[in-house]
1. Looking at ALA159, is it in a helix (DSSP H, G or I), surrounded by 15 or more Cβ atoms within 10 Å (Cβ to Cβ) and either touching a helix residue (DSSP H, G or I) at 6+ places or on another chain (Cβ under 7 Å) or touching a residue at least 12 places away in the same chain (Cβ under 8 Å) (or both)?
2. Suppose we filter GLY286, GLY293, GLY262, GLY250 for residues that are more than 26 Å from GLN84 (Cβ to Cβ), touching a Ser or Thr at 6+ places or on another chain (Cβ under 8 Å) and of a type in the set (Gly, Ala, Ser); which single one remains?
3. Considering only the stretch 252-309, state which residues are in a loop (DSSP other than H, G, I, E, B) and either hydroxyl-bearing (Ser, Thr, Tyr) or closer than 23 Å to GLN194 by Cβ (or both).
4. What are the pairs, 6+ residues apart or on separate chains, where a residue within the stretch 61-89 that is on the phi > 0 side of the Ramachandran plot has its Cβ under 6 Å from a residue that is crowded, with 23+ Cβ neighbours inside 10 Å?
5. Just wondering, is there one or more residues in the stretch 184-192 that are touching a Phe, Trp or Tyr at 6+ places or on another chain (Cβ under 8 Å), assigned to a helix (DSSP H, G or I) and crowded, with 21+ Cβ neighbours inside 10 Å?
6. So which strands (runs of 3 or more DSSP E) are wholly in the stretch 15-117 and hold at least 2 residues that are closer than 29 Å to PHE226 by Cα and not assigned by TED's automatic domain parsing to the domain that holds HIS290?
7. Of (1) polar (S, T, N, Q); (2) free of Cβ contacts under 8 Å to residues at least 40 places away in the same chain; (3) assigned to a helix (DSSP H, G or I), THR167 satisfies all except one. Which?
8. From LEU241, LEU308, LEU279, LEU255, grab the single residue that is within 27 Å of GLY49 (Cα to Cα) and among the hydrophobic types (A, V, I, L, M, F, W, C).
Amino acid sequence: MIRTANRSYKVIVNPHSGRGSGARAEPILRGVLDGAGAHYDLVETSARGDAMRLACQARLDGWDTVVSVGGDGTAHEVLQGLAQAACTSGEWQSEHPAGTLAIIPLGTGDDYAARLGLPLNDPEAACHMVLQEHRRAVDLGQVTDETGRTELFLNHLGAGFEAAALTESLRIEWLRGFTLYLAAALRVMPRYKQGWEMTVRFNGSDISRPLNLVSVANGGRTAAGFKIAPGAELDDGQLDLIVGHAPNVGIMAWLLFHAMSGNHISYTQYVTAARTPNLVIEAPDGVPVHLDGELFRSDARRLEINVLPRRLTVLGAPTG
């Protein structure tokens, strides 16, 4: 059943997402929206930062829902725009939700959309689901680095190996999705087998040693299907922390295999898992960091990370 009464949708399309899937989806989306009698405006991005700017203006102009058509990176940009508008209006300071986000997933990973139960690579089905208006309030992550730069994330922050694999994936043009990230991860393992010297402080505890990765999960899935934090919930007021260290490349590959099913967290000699509302990561020599599959820093030395409970409204599949 389609429920569009009194709702308006600003649809922001990244035409280059999914290697052109965004552009190909436009007529499909228009057909669904027109058929539902929806009040909408559809615009395209043309450069990095456009989705943030367009989302901010859409929120200030009074559009009820901003629809991100693209991958995790496009949704990440839209989130920053919604938060910027909420800061301008004063709603952010009052701890109200930043706005309402919907996603038509057409990217390489689409991990956050998968966590919301949205159909992947099927813009028609995803658009119909969005129009059903199943709303829920979810948590956000927030990170501030040693320079004072602050950014939000929807799904995942990865420090160390994950960010290095993400950078490598940008050099591989002939693969997509899970296979792309798996190939990139296997490529960089020998290069980063020593890990990064890091200290992680959380829940009154410290872990200080060479680490291969520090993952901070809100949604639980990353890199187009790896279940990095299988127990993560979007609205529990906690972040799921995964800290990994391996003595050699063989163990790294073995843990990577188990991360496909989420079973890696049972190997506590190599993996520490915890839930926490906040943590600090320090890396004296710098460490690469990604947010929602987008490179945040290549050499971060200190990160303060916090959960912001129920600061965003999202549209997704019905929840039980």
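1. On the way: in a helix (DSSP H, G or I): no; surrounded by 15 or more Cβ atoms within 10 Å (Cβ to Cβ): yes; either touching a helix residue (DSSP H, G or I) at 6+ places or on another chain (Cβ under 7 Å) or touching a residue at least 12 places away in the same chain (Cβ under 8 Å) (or both): yes.
Against the criterion (in a helix (DSSP H, G or I), surrounded by 15 or more Cβ atoms within 10 Å (Cβ to Cβ) and either touching a helix residue (DSSP H, G or I) at 6+ places or on another chain (Cβ under 7 Å) or touching a residue at least 12 places away in the same chain (Cβ under 8 Å) (or both)), ALA159 does not qualify.
2. On the way: GLY293 fails: more than 26 Å from GLN84 (Cβ to Cβ); GLY262 fails: touching a Ser or Thr at 6+ places or on another chain (Cβ under 8 Å); GLY250 fails: touching a Ser or Thr at 6+ places or on another chain (Cβ under 8 Å).
Within the list GLY286, GLY293, GLY262, GLY250, the selection yields GLY286.
3. First, pick out the residues of the stretch 252-309 that are in a loop (DSSP other than H, G, I, E, B): 260-262, 267-270, 277, 292-293.
SER261, TYR267, THR268, GLN269, TYR270, listed by residue number.
4. GLY70/ASN14; GLY70/SER17; GLY70/GLY22; GLY70/LEU106; GLY70/GLY107
5. Checked the stretch 184-192: at least one residue is touching a Phe, Trp or Tyr at 6+ places or on another chain (Cβ under 8 Å), assigned to a helix (DSSP H, G or I) and crowded, with 21+ Cβ neighbours inside 10 Å.
6. Values: elements: 39-44, 65-70, 100-105.
Filter on the stretch 15-117 gives 65-70, 100-105.
7. (2)
8. Details: LEU241 fails: within 27 Å of GLY49 (Cα to Cα); LEU279 fails: within 27 Å of GLY49 (Cα to Cα); LEU255 fails: within 27 Å of GLY49 (Cα to Cα).
From the options LEU241, LEU308, LEU279, LEU255, the qualifying one is LEU308.
The values are calculated or read from the model by the stated rules, or taken from the named source; none is laboratory data. Because the structure is predicted, anything quoted here is derived from the model rather than measured. No Cβ is skipped: glycine too gets one built from the backbone with ideal geometry, and neighbour counts run over all protein chains shown.
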